[in-house]
Amino acid sequence: KRMWSIYRETGIFLSACRHSLIWWICDMVSSGKLAKYPLMLVNQVLDVLQDRPGLGYDIGCSFTETVAKSSIAEKARGKGLRLVVPSFHGYAHKRICQLSYHPLFTGGFRIEDLETVERIFSSFNGLANITRYASRYHRHQAINLYAQQHDDDKYQEL
């Protein structure tokens, strides 16, 4: 167990636009406060995007309360942040949650399913074997190269 403690990273957390272009990636490090990753990305989105940004997050319903109690609450209210649960994840939530947080019932998302990150993670699966025992530097290098190639491929499809 001690030998594996050098591998602090437990995964990645990322944000992408509806065109499947990756905007931000951060390492997830073992921690009891996992809300820090989505809060950091929401803060980035609020700094970069115009008013009324809409974000899909698997637990967008409960995360709305987390944002409201966080240090970015005022910025989120001022920008009109809208959080929803991605389409396929939404069907696993209770009906009252679906009515408030499913993109079909929330204006402004059109036909987006907001499952872009799930598709990106699916394409990243082949990278897991390469990065599992790599040094931090080589892990970051491999993820960065893969993400750049992913974005180049998606950009050509626009």
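The values are calculated or read from the model by the stated rules, or taken from the named source; none is laboratory data. The model shown is predicted, which means the values in this text are computed figures rather than measured ones. All Cβ positions, even for glycine, are placed from backbone atoms using ideal geometry, and neighbour counts span all protein chains on display. Surface accessibility is based on the protein's heavy atoms, side chains included, excluding ligands, DNA and RNA. Shrake-Rupley method; radii C 1.70, N 1.55, O 1.52, S 1.80 Å.
For residue 95, the accessible area of its heavy atoms, probed at 1.4 Å with every protein chain present, is near 130 square angstrom. Remark: C-alpha extents of the chain on the principal axes read 46, 39, 31 Å, sorted largest to smallest. Entry comment: accessible area of region 1-142 is 63 Å² per residue, from protein heavy atoms only and a probe of 1.4 Å.
Shape descriptor for region 31-112: Rg over Rh equals 0.96 (Cα atoms; Rh from the Kirkwood inverse mean 1/r). With respect to the chain, whose longest principal axis is taken over its alpha-carbon atoms, helix 136-157 is tilted by about 50°.
The distance between label points at residue 110 and residue 50 comes to 1.4 nm (points 7 Å beyond Cα on the Cα→Cβ vector). Between residue 134 and residue 68, the modelled label-to-label distance comes to 4.1 nm, taking each label 7 Å out from Cα in the direction of the beta carbon.
Provide the FRET efficiency to the nearest 0.05 for the residue 158-residue 125 pair, computing r from the beta carbons and using R0 = 22 Å. According to the calculation, E is roughly 0.35. Simple point charges give the picture: +1 on the Cβ of Lys and Arg, -1 on the Cβ of Asp and Glu, and for the chain a dipole about the Cα centre of about 660 debye. Modelled spin-label separation between residue 77 and residue 145, with each label point placed 7 Å from Cα along the Cα-to-Cβ direction: 4.8 nm. Relative to the longest principal axis of the chain, what angle (0 to 90°, nearest 10) does the C-alpha long axis of helix 36-48 take? Tilt relative to the chain: about 70 degrees. Quick one: with all protein chains in place, what share of the accessible area of region 1-117 is carbon or sulfur, to the nearest percent (1.4 Å probe)? On region 1-117, the fraction of accessible area on carbon and sulfur atoms equals 57 percent.
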